[in-house]
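Participant: Below: one structure in structure tokens.
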Amino acid sequence: MLLELKGVEKRFGGVVALRKGDLSVEAGEVHLVMGENGAGKSTMMKIIAGMYERDGGEMKWRGESVNFANPVEAAKCGIAMVHQESLLAPHLTVAENIFLGREMSNRFGLVDRGAMFDRARRLIEEHHFPLKAEWKVERLSPAGKQLVEICRAIEHGSSLLIFDEPTSSLSEAETHEVFKIVRTLRDRGTGVIYITHRMDELRSVGDKVTILRDGETVHSESMATLSTRNMIRYMVGREVASLYVREPVPPGKEMLRVHNLTSPPAVKDVSLTVRAGEIVGLAGLIGAGRTELCRAIFGLDQPSEGQIWVGDQQVAIRNPRDAVRYGIALIPEDRQKTGLARELPISWNVAMANVPSQYGILNHGAEQDMTAKSIERLRIRCDSGAQKAGRLSGGNQQKVVISKWVARGAQVFLFDEPTRGIDIGAKVEVFEVMDELARQGAAILMVSSELPELLQVADRILVMRQGHLAGELPGRTTQEEIMRLATLPSSGTELEEL
């Protein structure tokens, strides 16, 4: 047995984050840890990785009782963690981050940058990652940063690797590459703990699964014998009849039109429309230009060519303030950094895009009323509007991000990876919010790297490749058809051939 936890506990003041954590991981095993946000998964992983000290219970490493005071002690034993949220040094290069704290040195004891960069290049090429050793990490997307974290963990040669949502922002091709890495590690005798909310991943990588709910381990079983239905029942504590499938509504008038939009270097001559009541999916590999298209529509980047219409009015969007004035909302991919003020109350976040004031003075009564309505309408689970937004689960944080635009009265919503890093129950709730907005006449453009989600939710699916629109598919298409468009060779005649 590589790792064993029995009755592990962790408290933060009066809050019990983990009350009965049990887990056992063998060498050469991929062990899935499942559970809704707030179930205690991350707390358990941080105890194993030395980021938290436990308050009770027992942890054994190779049969010996251990209690890591910090990550360095855990790393010395051979435990490494690939975090969901990047912990990289943004001002350093990819290669420097891979070797950060373990720099290679020459015979004079000086840092051997050449050797580090050569090794980083070989590692990147070996796994076909879309990275360059010389790139600064601050330039990378969340997906790119995740890949650097994975490279760093592999390079350190740990005997137990903890993957916390490693594929939450990766494309299908990159996800399959991560699966190959995990299988290779397992075959070499490395133990792997793998946390994911993506149900389609489970049987591709997992040997065994442990499920947590409300801070307790409630079930552990071989993946070969556990049904998906029972897995969900253990996670949520109730029967779940089926995964979410949206019933489309007849589309209304055109709400958003983009014509020949170009925003160098990522977006090239893109034209699309979204009508009231529609959820239009936007698929493509990482680097295809999906996020950049949303940024250009919202005024974060300035297009060099093209036009945008909102309703029947052609509009000039020079910055996000213009976009907001025309009723456009952006729910960004990285809600922690660009969508949410985590240290401010929920009420401030809700009112942020539509501050109620009277004679230039904040109207606290109107703010509280707006917040109460948002909490009720979007079913935000919280103590009160005064609670800090960062203390909420991932799904409820996402609802707060959406709520500020609902309170503003937005009619065109740009959702960029709206379910990244949230659990299956919260995903369904976000889909329900999107469906409700569409049924009330909003137009929604939804970027997602999870193809099953697009097939569940979207009325139409647009596929981007290398900055261009490669084609359009009906919502009830197949993953194979989406990937065919996303990976077509660059011939310039794709649309004519479809």
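The numbers here are math on the coordinates, done by the rules we state, and not lab data. No experiment lies behind these values; they were computed from the predicted model shown. As a convention, Cβ positions derive from the backbone with ideal geometry for all residues, glycine included, and neighbour counts pool all protein chains shown.
Participant: Go through segment 190-195 residue by residue and turn each phi into a ³J(HN,Hα) via Karplus (6.51, -1.76, 1.60, θ = phi - 60°); whole Hz please, and just put x for glycine and proline.
Facilitator: In residue order, the calculated couplings are 7, x, 10, 9, 10, 9 Hz.
Participant: Just to be sure I understand: of the beta bridges DSSP finds with both ends in the chain, what percent are antiparallel, rounded to 5? Could you put the intermediate results ahead of the total?
Facilitator: Working: 45 of 80 bridges.
In the chain, approximately 55 percent of DSSP beta bridges are antiparallel ones.
Participant: Please list 3J(HN,Hα) in residue order for segment 316-321, calculated via the Karplus relation 6.51 cos²θ - 1.76 cosθ + 1.60 where θ = phi - 60°; whole Hz, with x for glycine and proline.
Facilitator: 9, 10, 9, 6, x, 4
Participant: For the residue pair Arg122 and Asp214, what label-to-label distance in nm results when each label sits 7 Å from Cα along the Cα-to-beta-carbon direction?
Facilitator: The two pseudo-label positions are separated by 5.3 nm.
Participant: On to the next question. Using amide H atoms built in the peptide plane, which far-off residues or other-chain residues are under 5 Å from Ala442 H to H?
Facilitator: Those lying under 5 Å, H to H, from Ala442 are Gly277.
Participant: So who's got an amide H within less than 5 Å of the one on Ala283, skipping anything under 5 residues away but keeping other chains? H placed 1.01 Å off N, in plane.
Facilitator: Correct list: Leu462, Val463, Met464.
Participant: Would you mind calculating the relative contact order of segment 254-497 from Cα pairs under 8 angstrom and at least 6 residues apart, reporting the percent as a whole number? Don't jump to the answer; show the numbers that get you there.
Facilitator: Numbers: 487 pairs, mean separation 66.8, N = 244.
Relative contact order for segment 254-497 comes out at 27 percent.
Participant: Helix-derived [θ] at 222 nm for the chain: sum -39500 (n - 2.57) over DSSP H runs of at least 4, divide by residue count, nearest 500?
Facilitator: Working: 17 runs with 162 residues, N = 498.
Computed ellipticity for the chain at 222 nm equals -9500 deg cm²/dmol.
Participant: I need Lys20, Lys404 ordered by Cβ neighbour count within 10 Å, fewest first.
Facilitator: Working: Lys20 18, Lys404 23.
Ordered from fewest to most neighbouring Cβ atoms within 10 Å, Lys20, Lys404 come out as Lys20, Lys404.
Participant: Debye calculation, C-alpha points only, no solvent: report log10 I(q)/I(0) for segment 254-497 at q = 0.10, 0.16 Å⁻¹, in the same order as the q values.
Facilitator: So the normalised log intensities are -0.47, -1.15.
Participant: In debye, nearest 20, what is the charge dipole magnitude of segment 3-236 about its Cα centre with +1 on Lys and Arg Cβ and -1 on Asp and Glu Cβ, if you could check?
Facilitator: On the way: 32 positive and 34 negative charges, 22 e Å.
Using only the charged Cβ atoms, the result is roughly 100 debye.
Participant: Also, I was wondering about something else. With θ set to phi - 60°, apply the Karplus curve 6.51 cos²θ - 1.76 cosθ + 1.60 along segment 256-264 and write out the HN-Hα couplings as whole Hz, x wherever there is a Gly or Pro.
Facilitator: 9, 10, 10, 10, 6, 6, 10, 9, x
Participant: Sticking with this one: For Trp405, Trp61, what's the fewest-to-most ordering of other Cβ within 10 Å of each Cβ? Don't jump to the answer; show the numbers that get you there.
Facilitator: Working: Trp405 25, Trp61 20.
Going from sparsest to densest Cβ surroundings: Trp61, Trp405.
Participant: Given 0.36 nm per residue, what is the gain on full extension from Arg484 to His364 after removing their alpha carbon distance, in nm? Intermediate results must be reported in sequence, preceding the final value.
Facilitator: Numbers: separation 120, 0.36 × 120 = 43.20 nm, distance 5.28 nm.
Extra length from Arg484 to His364 when fully extended: 37.9 nm.
Participant: How large, in Å, is segment 3-236 by the Kirkwood hydrodynamic radius built from its alpha-carbon pairs?
Facilitator: Working: mean 1/r = 0.0544 Å⁻¹.
Taking the inverse mean of 1/r over all distinct Cα pairs, segment 3-236 comes out at 18.4 Å.
Participant: Around Glu450, which amide H atoms from residues at least 5 apart in sequence, or from another chain, sit under 5 Å from its own amide H, with H modelled in the peptide plane?
Facilitator: Long-range HN contacts for Glu450: none found.
Participant: Specify whether the C-alpha gyration tensor of segment 310-450 places it in the rounded, prolate or oblate class, a ≥ b ≥ c being the square roots of the eigenvalues: rounded for a/c under 1.5, otherwise prolate if a/b is larger than b/c and oblate if not. Could the numbers behind the result be given before it?
Facilitator: Numbers: a/c = 1.59, a/b = 1.02, b/c = 1.56.
Verdict is oblate for segment 310-450.
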